[in-house]
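K.L.:
Below is one structure. I have some questions about it.
The values are calculated or read from the model by the stated rules, or taken from the named source; none is laboratory data. Keep in mind it's a predicted model, so treat the numbers as computed, not measured. Here Cβ is always computed from backbone atoms with ideal geometry, including for glycine, and neighbour counts include all displayed protein chains. Heavy atoms of the whole protein, side chains included, go into the accessibility calculation; ligands, DNA and RNA do not. Shrake-Rupley method; radii C 1.70, N 1.55, O 1.52, S 1.80 Å.
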Amino acid sequence: MPDSWPSGHSEVHLSDYSVPPWRVAHAELCFELGADATEVIARLQLEPDPAQRGVPLVLDGVDLELLSIAIDGKPVDAADYHIDAEQLTIDHIDTACMLETRVRIAPSRNTQLQGLYRSGDMLLTQCEAQGFRRITWFIDRPDVMPTWRTTLRAERLRYPVLLGNGNPVMDDGAAQRELGDGRIEVSWDNPHPTPSYLFALVAGDLDCVGKDIVTIEGRPVRLQVWATKNDIARCAFALGAVERALRWDEGRFGRCYDLDVFNVVAAQDFTMGAMENKGLNIFNARYILADEESATDFDYQGIESVIGHEYFHNWSGNRVTLRDWFQLALKEGLTVFRDQEFVSDLHSREVKRIEDVRLLRARQFAEDAGALAHPVRPTRYREINNFYTLTVYEKGAEIVRMLHVLLGEATFRAGMDRYFHDNDGRAATIEDFLAAHAQASGRDLSQFARWYEQAGTPEIEVEDAFDDASGRYTLRFTQRQSAVAGADARPLLIPLRFALYAADGSRMEARGISDAMVHDDLIELVGEHHSLAFEGLRERPLASFNQGFSAPVKLRHDYTPEALARLVRCERDGVNRWDTLQRLAIDLLLRRFDSNAAAEAALSLAIGDLLDDASADPEFVAECMQLPDFDTLADARETIDIDAVLAARAQLVRDLAHAHASRLRRRYEALAAQAAQGLDGASMGARRLRNMCLAWLTEIDPRGALATAQFDAATRMTDRLGALRCIVHTNAPIAAQVQDAFAERHRDDPLATDKWLAVVATRPHADATDSVRALLESHWWTPTNPNRVRAVLGSFSRVNPTAFHRADGAGYALLVEQLPMLDGINSQVAARLLSGFESWRRWSGGRDVLARRAMETLRGRLLSRDSNDLLSRLLHEAASTR
C-alpha cells in the first residue's frame, strides 16, 4: 500500500477496533414481501456493554424509509433520535430493551444487488459485506451475532416458495400457513449466533431437487437445490456436489452439518459467485445449472468447487466467523484452501495444484506488484467491497497451505480441531487461528504471522556451487521482500521443498548441513541468507526448488536451456515438471537465454515427448501445452513490451504446432473414443487435451476445417465451444456462420449466450475492440446482469490483451466509456472492471500514458465509494511514480 492515500471518504483502521457498545441477543424480522414495496418489521433484543454504558445506540441503514420506531412498545420521541444518510442514532437509553422499527424498501429499484432485490420473478438477498443495512436498521458488523427468527409473508400465487436461514418452524406439522387473503406465511428459526451479513431470504415460484441423508452424528438432513421450473432439470449435478462436499468435510475435517435442511438457490442476477448464508446458500446460476448441452467440463468442475467452498463456510466462516472485516482472509483464504483440497481429493491433485498456481502467478502476483497491492490482512480500508481480492482469497489460501506443509497433515488437523472447538459461536481473528495451530504443534508462529501483515510477493534467489575435488555442493538462498512491502519489511518464514537429481535421472538422497532447519526435503528459510551444503557427492546434482509450489514466492535460479530440458525429463514432482516447462517458455519468450534456438529446441522436445507418452494423464499434458499467458509474462518484467511479447507468444504456438502437426493429429484422433464418454475424470481429461490439440492445429489451418468438423459433430458444450473458439479466434472464413449458429441454438439460455459473447470479446485481434463495441450496441447487451457484463467487458479487459492494449488506446477508451453507467447500476461490478488497470504503470510503448489519460476522464463521473476508492488508488500510484 502507498504510505499515504489521497483524501476521500473516511478510512477504517484495524488499530481502532473496539467491542460494540451494544449487542443484539436475538432478532425477529417480519417481511411483507412485494417487488415494488416490501415492509420490514424488526424487533431487536438489545443489550448494552456494561463497560460502555451511556454510549448512544447507533444503527446502520441505507435507502430505508422509516415508518415507525418504538422501544419496549413505546414510540420514540422524534427529539430522541436522528437520521443521516447512513445511520440512525438513538440517545438516552442505557439498559437492555426491545427496539422495534418498521421500514419500507423497494426491491425492484435495487440494481446494486445488495440487500433485498428482484431477479426476474424472484426476490432474494445479498448481504455480505454490508448489504443488510439496505434491509433494516441494524448494527451491521460481523461481531454482532444474534440468533434469528424470520417470518416471510407474500402472495401465494407469485411467491409460493419462501426460504430463510435455519430450520422451518413447523405449525401442526406444516411449515406454510395460509393467511386467508391469498397470502401465505412461513417462519424460519436460526438458533446459531450469526452476523447480519449471513442473513438471507428467497421468495419465488421455484422447484427443487432434493435428497435425505443422515450425518455421521446421526442427524437427518434434507438437501435441496432450488431453481425456476425451466431450470430445475439442470440441478442434479449440483445436488450431488452438495452431498459430496458434506461427506468430505465429515471425513477430512470432522465437521458435521448442524441444521435440519440445507437449501441452495440458483439466481440469474447475482454479483458474486455464491454466498454462504447460514442454511440458505444463494448461488450465481452459472455455478448451479448444468447439463452437457449447455455446460462445459470447466463449468462442471467450477460448480463442484464453488459448492464445496460455500458449504465448507458453514464451519470456516459461519460457526466461526470474523471479529471484523480486516480478518476476511480468516474465512476466505482458509475456505479456499479447504475447497482446493476437496477437489484435489476427488480428482487429480497434481492438475488441481497446477491450476491454482497458474491463477496465482498470472493474477495474484500481478495484484501484489501493482497499484492495488495490499497485505492479506490490510491495516486500513475505505471500502471493504474492494478487498474481496485474489490476495485475500488465493494468497490467503497459500498461507494456510504453507502452514499445512510446515506442520504435516496430522498436526494441522489437530490445530484445525482446536480452532473450531475454541472459537465455535465466536467472532475470531487471525491470531486465534494461529494460536490454535501453535498450541497443537508446540511451534512459535509469530514470524509466520508476517505473511498476513506484509504486502508483495517475496523473491528467493538461489545460487549453487560444486567442488569437483571434495564433492561438496552448496546452495545459497537469499530472501528479498517486494518493494510494496515497505522499507521496514522483515524476512518471512518460507518452507521451500527441494530435490537433487543425478545425471541418470535418479533422485539423490543426500543429507545436507545448513544454518536453517532442514527436515527431509524441506528447508525453512527464516532469515535473509541461508546456506545448505551436501558433502561427498560423486557428481554435480541438478537441483529442483519449491516442489509442489510449497511457498508463494518468485524463485530465481540460473538454468541453461539444457538443464531445464533435463529437469523436465527427470522431475518426479508433477507441479515442478509443469513449472519447468513454464520457466523454459517464459525465459524463451522474454529472450533471457544466450541461445533462443537451444531453448526452443528444448521446449519442443519436451512437448513432443509428452504428446508421444500415451500413459501420461491427458489433463496434465494439456496443462503443459498451455504456454504462459500475458499476465504471467508481464509479471516477469519491470516494464513489458506488449506488442513484442504477444507476437512472440503467437509465433511460438505456430512454430510448435508446425513442428508437431502429425503428433497433434494422432493424439487428437486417438482420444476421440474416450472423449465421447461422460463426466468421469478420464473423459474430461481426454476432451481437454483433444481441444488443446485442436487449438494448435487450427493455428496452422487457415480454413479451420478440423474445427468446423468438430463443431458440426459436437454433442456436448465442451466440444462445441472449443471448436467455436478455435474458429473465431483464428478468423477462419466460416467464423461468422458458426458464431450465428451457436447464438441461435442457445439464444434462450443466458449462461450459454455468455459463452459465445466471451469468445467474441476475447478474439486476439486488434479489431476485436470494434466487435465488442458492436455487442454493446446490440440487444445482447444487458448491463444490469453481472454475468453479461463480465462475459463482455470483463473478458475483453482481462483476457484479450491484444485488443485491450491496442496501440491507439481504443481498448482503454471503450472500457472507461462504460464505467460511469455501470457504476450507477452496480458499483461492485464497475469497480472490479477498473482493477484491469492495476499494472498500468509497467506498460511500455506509451500505453501507460494512454491508460492514465483514460482513467483521468473518470474523475468526477463515478458516484460510488467502491469505484472512487479504486480510481483514487490507481491514480495516486500514478502521482507517486511521475
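K.L.:
Which ranges mark the strands (runs of 3 or more DSSP E) fully within the range 489-561 that have 3 or more residues being modelled with pLDDT of 95 or more? Full working, then the answer.
P.N.:
On the way: elements: 494-501, 517-519, 522-525, 529-534, 542-545, 554-556.
Answer list for the range 489-561: 494-501, 522-525, 529-534, 542-545, 554-556.
K.L.:
How many residues are open to solvent by less than 10 Å² (accessible area, probe 1.4 Å) and either closer than 21 Å to Gln130 by Cβ or in contact with a Lys or Arg (Cβ under 9 Å, 6 or more places away or on another chain) (or both) when one looks only at the range 848-859?
P.N.:
Residues meeting the conditions: 1.
Here's the yes/no breakdown for (1) among the polar types (S, T, N, Q); (2) over 30 Å from the mean Cα position of the chain (by Cα); (3) open to solvent by 10 Å² or more (accessible area, probe 1.4 Å):
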| position | (1), (2), (3) |
| --- | --- |
| Ala601 | no, yes, yes |
| Val621 | no, no, no |
| Met625 | no, no, no |
| Val653 | no, no, yes |
| Gly681 | no, no, yes |
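K.L.:
Are any residues in the range 1-50 at pLDDT 95 or above, open to solvent by 60 Å² or more (accessible area, probe 1.4 Å) and in a loop (DSSP other than H, G, I, E, B), and if so, which ones?
P.N.:
Passing the criteria: Tyr17, Ser18, Val19, Asp36.
K.L.:
Could you list all residues from the range 493-505 that are exposed (fewer than 14 other Cβ atoms within 10 Å of the Cβ) and touching a helix residue (DSSP H, G or I) at 6+ places or on another chain (Cβ under 8 Å)?
P.N.:
Pass one, the range 493-505, residues exposed (fewer than 14 other Cβ atoms within 10 Å of the Cβ): 503-505.
Listed by number, the list holds a single entry, Gly505.
K.L.:
Of all residues in the range 307-334, how many are crowded, with 23+ Cβ neighbours inside 10 Å, part of a helix (DSSP H, G or I) and not small (Gly, Ala, Ser)?
P.N.:
12
K.L.:
Starting from the range 798-811, take each residue that is of a type in the set (A, V, I, L, M) and list its partners that are part of a helix (DSSP H, G or I), counting only C-beta distances under 6 angstrom and pairs at least six apart or across chains.
P.N.:
Ala803/Ala768; Ala803/Thr769; Ala803/Gly811; Ala810/Thr769
K.L.:
Any residue in the range 685-706 that is touching a residue at least 60 places away in the same chain (Cβ under 8 Å) and more than 20 Å from Val351 (Cα to Cα) sitting within a Cβ distance under 7 Å of a residue that is open to solvent by 10 Å² or more (accessible area, probe 1.4 Å) and part of a helix (DSSP H, G or I)? List the pairs, counting only those 6 or more apart or interchain.
P.N.:
Short answer, once both residue conditions are applied: Trp696/Val653.
K.L.:
Collect the residues in the range 519-546 that are closer than 30 Å to Val392 by Cβ, surrounded by 20 or more Cβ atoms within 10 Å (Cβ to Cβ) and within 32 Å of the chain's Cα centre (by Cα), keeping them in residue-number order.
P.N.:
Hits for the range 519-546 are Ile523, Leu525, Phe545, Asn546.
K.L.:
So, in the range 415-451, exactly how many residues are in a loop (DSSP other than H, G, I, E, B), out of contact with any strand residue (DSSP E or B) (no Cβ under 9 Å at 6 or more places or on another chain) and over 21 Å from Ala551 (Cα atoms)?
P.N.:
1
K.L.:
Also, quick follow-up: Does at least one position in the range 335-357 carry a residue that is modelled with pLDDT of 95 or more, more than 22 Å from Gly574 (Cα to Cα) and either surrounded by fewer than 19 Cβ atoms within 10 Å (Cβ to Cβ) or under 16 Å from the mean Cα position of the chain (by Cα) (or both)? Give the steps one after another, and end with the answer.
P.N.:
Start the filter on the range 335-357 by keeping residues that are modelled with pLDDT of 95 or more, which leaves 335-357.
Now drop any that are not more than 22 Å from Gly574 (Cα to Cα), which leaves 335.
After this cut, where a residue has to be either surrounded by fewer than 19 Cβ atoms within 10 Å (Cβ to Cβ) or under 16 Å from the mean Cα position of the chain (by Cα) (or both) as well, the list is 335.
Looking through the range 335-357, at least one residue is modelled with pLDDT of 95 or more, more than 22 Å from Gly574 (Cα to Cα) and either surrounded by fewer than 19 Cβ atoms within 10 Å (Cβ to Cβ) or under 16 Å from the mean Cα position of the chain (by Cα) (or both).
K.L.:
A further question follows. Quick check on the range 51-65: of everything there that is out of contact with any strand residue (DSSP E or B) (no Cβ under 6 Å at 6 or more places or on another chain), among the aliphatic types (A, V, I, L, M) and surrounded by fewer than 18 Cβ atoms within 10 Å (Cβ to Cβ), which residue is nearest to Ile105 (Cα to Cα)?
P.N.:
Per the criteria, the residue is Val55.
K.L.:
Among the residues of the range 100-125, count how many are closer than 24 Å to Leu67 by Cβ and within 26 Å of the chain's Cα centre (by Cα).
P.N.:
Kept after step one, since they are closer than 24 Å to Leu67 by Cβ, are these residues of the range 100-125: 100-112, 114-118, 123-125.
Remaining after also requiring within 26 Å of the chain's Cα centre (by Cα): 110-112, 114-118, 123-125.
Number satisfying all stated conditions: 11.
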